[in-house]
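One structure below.
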Amino acid sequence: MHTIAVTRPHWQTESDDRALAAAARDGDRSAYAVLIARYRGMAFAYSLAALGNREEAEDAAQDAFVQAYSAMPRFDPNRAEWAAWFMRIVRNRCRDGLRRRKTRRPAEMPLEIMDEAPGPEAVTMADDRRRVLMQAVAALPEAQRVPLLLHYAGGKTRVEIAHALGVPESTIIGRLAGGLKTLRRRFGGEGLI
Amino acid sequence: MNLVCTCVRRRLAALAASGADIEPTSWLARHLAACSDCSRERRALASLAGHLSSARLPEPDEQAFAAAVWQKVDALPAPIHRAAWWQSPGLLAAAAGACALALWMAREPAGVGVAAPPHGPVSTARAGGAAGTVASISPASRPKADLLTTPPPAPVPQAKKPATSGSRAPVIPKLRPGLNPATARPRRMLASAGSATAGSTVAWSDWGSYYEQKGDYRSAAYAYGMAHSEKRDPTTAFAYGRASEASGDLASAMDRYAAVLEQDGG
Ligand SMILES: [Zn+2]
């Protein structure tokens, strides 16, 4: 039938991370700079998918790195994976961002993911239809929206997303399927797709 | 749509999501070859995935991003490169929530006035009825401080300890005469006393609460630290942080507040 790769994502090389995290904990800024470079993409992509706003997402991802740096003395590289630990901080930071937004700014922020990639689909799909599609994506529940955006628009593998979200890969596949079905239902009758 | 088609539709979304191919000889492939509706559905899902892939999440500028992170790190209070918890809205929110929870948990049952200090074992208290109950924590019964990642500050200046009956072991003051200990003690004490280390008749968190009420925040932080080493939950972590902060140990407080967030989510 089919096989699903269970390889460690390329952005997460545990042994390197452990050494880097240990060095960073001991005050080695260059080691932490490597961790920033390595996890910047995932932290920002997750934040953007969760928050839907570029500026907020950059802030959240940066804050997560700052918070992780300040908490490094408490991080034990021998007991925890840095990536999992760090991404939990990112998720918590985004959760806080959403919580604050509920009280301060009830209006839903549109997703800013319209940087177009060249390809046949981009050519054939009119701008207005694409806008409608992205609005529908933005309206998906977070559990479906985040994996969907990270995978299709962010180019992350299912394994990478599973690690970033701290859930099994099968859960990610289920959420992706759920998101696709929701969108298909939404657009099936309108002939958009 | 018949039952087979319904099953196929369910399967198609999962296949599209997993990126798996359909084995040519499978019943699914045979059905798709024969059923135009399901075949159209499969194409629609593929098209949808293609449209989604045509968008790209933007990426932050590498240099600017790293520079912003370091700028924020350097703006943290020296010499410990840590954020003040009240500068982080997330931590502030967590702190407020934990504070509300702590207040709720520490509330007195109706009809009881001043909060009762920690006192004797639950069984003694229940059996003792209205009689005052005296209890102590012997030094040997205290959990090891090295259970904590960050050791709490040294405990309890003698002058600020509650009245002691011996040379070392602090003794909790008697309850007011006529007070029923079973109803006077906070509910959480009844629940947590059983988890206290053998020989220790009062939960560490209750010691913390007691010292905090007395204004002895260093001792309170120590006690909450012990409680936190026994049970790592956000409420205890927050109480530990609150007492640490009140005692002037901001570094430890910030660690504790960060722990609240970590334990709260994820
Ligand atoms: Zn069919």
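The values are calculated or read from the model by the stated rules, or taken from the named source; none is laboratory data. Quick caveat: nothing in here was measured; it's all calculated off a predicted structure. Glycine also receives a Cβ, built like all others from the backbone with ideal geometry; neighbour counts cover every protein chain displayed.
Structure values in brief
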| quantity | calculated |
| --- | --- |
| Count of segment B:24-68 residues which are in contact with a Gly (Cβ under 7 Å, 6 or more places away or on another chain) and more than 10 Å from chain A (Cβ to nearest Cβ) | 0 |
| Single match in B:Arg42, B:Arg56, B:Arg107, B:Arg82 (criterion: buried (at least 20 other Cβ atoms within 10 Å of the Cβ) and at pLDDT below 90) | B:Arg82 |
| Per-region count, segment A:159-174, residues buried (at least 24 other Cβ atoms within 10 Å of the Cβ) and either facing chain B (nearest Cβ under 10 Å) or of a type in the set (Lys, Arg) (or both) | 2 |
| Considering residues of segment B:1-23 that are of a type outside the set (A, V, I, L, M, F, W, C) and within 8 Å of chain A (Cβ to nearest Cβ) only, the residue farthest from the ligand (Cβ to nearest atom) | B:Gly19 |
| Residues located in segment A:64-79, provided they are assigned to a helix (DSSP H, G or I) and more than 7 Å from chain B (Cβ to nearest Cβ) | A:Ala64, A:Ala68, A:Met72, A:Pro73 |
| Residue pairs meeting the criteria (Cβ under 8 Å; at least 6 apart or on separate chains; first free of Cβ contacts under 8 Å to residues at least 40 places away in the same chain and closer than 21 Å to A:Ala177 by Cα, in segment B:20-39; second among the acidic types (Asp, Glu) and more than 12 Å from the ligand (Cβ to nearest atom)) | B:Ala29/B:Glu23 |
